[in-house]
Amino acid sequence: MASDTPSTFDYDLFVIGAGSGGVRAARVAAGEAGAKVAIAEESRYGGTCVIRGCVPKKLMVFASGYGTMAAEAQAYGWDITENGFDWGVFKPKLEAELDRLEGIYQKLLDGSGVDKFDQRATLADAHTVRLADGTTKTAKTILIATGGRPVKPEIPGAELGITSNDIFHVDELPKRILIVGGGYIGCEFAGVLNGLGSHVTQYYRGLQVLRGFDEEARTLIADEMKIAGIDLKTGIDVEKLEKTGDGILVHDTLGGTATFDQVLFATGRAPNTEGLGLEEAGVTLGKKGEVVVDEFSHTGVPSIWAIGDVTDRVQLTPVAIREGMAFVETVFKGNPTKPDHELIPTAIFTQPEMGTIGLSEEEARDTVKEPLEIYATSFKPMQQSFAGGAAQKILMKLIVGAHSRTVLGCHIVGPSAGEMIQMAGIAVKMGATKEDFDRTVAVHPTAAEEMVTMRNPVRTLS
């Protein structure tokens with residue numbers, strides 16, 4: 001659709017933040033809807049996911065897995081000389097790959113005709129953006145897509161620790177590292193650093209890590225993390241950090257102390273809204289500083305919208321992209337579209353890996369108004385069993401409504417769980433029944449075949 005912006009506006013759309021959501025919205029609005037668009041980014045194009053999140057983390061997950069793969073290869077008859085992991089070789093290749101991906105994001109914007117401003121942008125008013133160099137740009141519509149950031153706890157010495165943003169840039173891997181936090185980010189990096197050769201200790205103040213995920217699945221992951229050599233301690237937190245000649249001295253809430261080379265805080269994230277001028281422009285912020293939006297990602301200020309982690313709805317890159325697409329459909333294509341936040345398949349790259357969609361057993365028990373059937377099986381994968389030694393267990397689990405027969409939740413723990421949950425997610429999203437799973441012929445020999453061969457429930461809940 002051609003732009004009908006009055007001459008009083010410089011742009012139809014100005015996007016603040018060039019992460020995955022903001023870039024997608026900008027280039028689709030420009031390339032498909034014919035809007036005149038600008039985008040501003042104070043850091044690097046690609047945002048958290050590409051520069052300091054999903055992509056570098058997954059590459060480190062790959063790197064951390066080759067140690068056990070080398071040992072397995074020897075059991076299969078390969079003659080392999082193992083010299084250990086070299087961070088000095090991996091780090092520059094990682095940085096080069098992130099540079100390449102950032103370049104792709106910039107080329108996509110250039111190809112769509114989006115004007116780029118490589119500087120911080122804030123709101124002067126509901127239609128005006130003020131850039132760091134003092135210039136201002138006006139826009140009929142402004143989209144806030146500034147994402148979020150990791151936060152450190154407010155304790156003495158917290159400045160001595162690092163966050164997930166920093167771990168990719170350390171000069172050398174720490175020999176002894178403490179990870180504080182039991183969410184998926186903390187557990188993922190515990191597995192990664194353990195696999196790369198660091199001695200990993202993890203503190204979590206709660207009773208079990210991965211709060212909010214299926215209890216059976218998270219318990220299996222915690223058990224396997226300990227078997228892999230991670231010193232996982234629950235019911236404990238950090239009170240104070242001190243710099244010593246031997247590293248960082250950590251005082252914990254149980255009265256103990258321990259020394260580490262590095263402390264990584266994985267203690268939550270906050271929306272990037274500070275100093276943006278949002279409240280002055282009439283935008284409502286929530287308790288965590290998040291931008292409050294309606295089902296269409298609209299702030300309530302007619303000209304201002306927001307998508308992605310800055311809204312603190314579902315903090316996942318594909319969700320931010322979907323929200324950006326829905327925004328363009330609504331504002332520039334005349335097709336009001338709500339982003340769909342229901343039944344989102346998710347992968348957690350712990351070791352072992354987890355894939356999940358729908359309700360956990362605990363959520364289903366508390367919310368579903370019909371009896372439940374729980375189907376589950378746990379076994380050791382063929383590849384690792386053949387190699388001998390300790391093999392991480394696989395878990396396959398379905399939560400089924402006993403009357404409706406609908407599969408309400410699917411949880412997988414084990415190798416390639418993320419790949420499997422993407423396919424299982426299609427079925428669950430379509431409302432598949434347990435009988436639909438049963439009618440599907442198994443692919444043999446695979447781990448995934450267990451998803452369609454579980455005939456009898458292991459327990460029923462009424």
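The values are calculated or read from the model by the stated rules, or taken from the named source; none is laboratory data. Since we're looking at a predicted model, the values are computed, not measured. Note that each Cβ is placed from the backbone with ideal geometry, even for glycine, and that neighbours are counted across all protein chains shown. Accessible surface areas use protein heavy atoms only, side chains included; no ligands, DNA or RNA. Shrake-Rupley method; radii C 1.70, N 1.55, O 1.52, S 1.80 Å.
I'm checking my understanding of the structure. Among residues of segment 132-175 that are of a type in the set (Lys, Arg) and closer than 29 Å to PRO318 by Cβ, which one is farthest from the chain's Cα centre (by Cα)?
By that ranking, first place goes to LYS140.
Given the structure, is LEU241 in contact with a Leu (Cβ under 7 Å, 6 or more places away or on another chain) and crowded, with 16+ Cβ neighbours inside 10 Å?
The answer is yes for LEU241.
Against the conditions (1) at positive phi; (2) over 24 Å from the mean Cα position of the chain (by Cα), where does THR406 fall short? Just the number, please.
(1)
Taking only segment 194-231 into account, find how many residues are part of a strand (DSSP E or B) and buried (at least 22 other Cβ atoms within 10 Å of the Cβ).
4
Okay, residues lined up against (1) touching a residue at least 60 places away in the same chain (Cβ under 8 Å); (2) at negative phi; (3) assigned to a loop (DSSP other than H, G, I, E, B); (4) open to solvent by 30 Å² or more (accessible area, probe 1.4 Å):
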{"position": "PRO92", "(1), (2), (3), (4)": "no, yes, no, yes"}
{"position": "ARG100", "(1), (2), (3), (4)": "no, yes, no, yes"}
{"position": "ASP110", "(1), (2), (3), (4)": "no, yes, no, yes"}
{"position": "ARG130", "(1), (2), (3), (4)": "yes, yes, no, yes"}
{"position": "PRO174", "(1), (2), (3), (4)": "yes, yes, yes, no"}
{"position": "ILE177", "(1), (2), (3), (4)": "yes, yes, no, no"}
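Failed condition for GLY324, given (1) at pLDDT 95 or above; (2) part of a helix (DSSP H, G or I); (3) surrounded by fewer than 21 Cβ atoms within 10 Å (Cβ to Cβ); (4) of a type outside the set (A, V, I, L, M, F, W, C), with all others met?
(3)
Might you check whether a residue that is out of contact with any His (no Cβ under 8 Å at 6 or more places or on another chain) and open to solvent by 50 Å² or more (accessible area, probe 1.4 Å) occurs anywhere in segment 304-313?
The answer is no, given that none of the residues of segment 304-313 is out of contact with any His (no Cβ under 8 Å at 6 or more places or on another chain) and open to solvent by 50 Å² or more (accessible area, probe 1.4 Å).
Please state which of the following conditions GLY186 fails to meet, knowing it meets all the rest: (1) over 20 Å from the mean Cα position of the chain (by Cα); (2) under 23 Å from LYS288 (Cβ atoms).
(1)
Scan GLU102, GLU82 and give me the residue that is modelled with pLDDT of 95 or more and among the acidic types (Asp, Glu).
GLU102
Return the only residue of ALA40, ALA18, ALA25 being at pLDDT 95 or above, more than 25 Å from LEU193 (Cα to Cα) and touching an Asp or Glu at 6+ places or on another chain (Cβ under 7 Å).
That would be ALA18, the only listed residue that is at pLDDT 95 or above, more than 25 Å from LEU193 (Cα to Cα) and touching an Asp or Glu at 6+ places or on another chain (Cβ under 7 Å).
Pairs only if they're at least six apart or on different chains, beta carbon under 6 angstrom, first in segment 256-269 and farther than 14 Å from LYS233 by Cβ, second open to solvent by 30 Å² or more (accessible area, probe 1.4 Å) and of a type in the set (D, E, K, R); list them, first residue then second.
THR259/ASP246; ASP261/LYS175; ASP261/ARG176; PHE265/LYS152
Mind listing whichever residues of segment 365-403 are closer than 18 Å to THR446 by Cα and assigned to a helix (DSSP H, G or I)?
MET382, GLN383, GLN384, SER385, PHE386, ALA387
Looking at segment 328-350, is at least one residue in a helix (DSSP H, G or I), open to solvent by 10 Å² or more (accessible area, probe 1.4 Å) and touching a Lys or Arg at 6+ places or on another chain (Cβ under 6 Å)?
Checked segment 328-350: no residue is in a helix (DSSP H, G or I), open to solvent by 10 Å² or more (accessible area, probe 1.4 Å) and touching a Lys or Arg at 6+ places or on another chain (Cβ under 6 Å).
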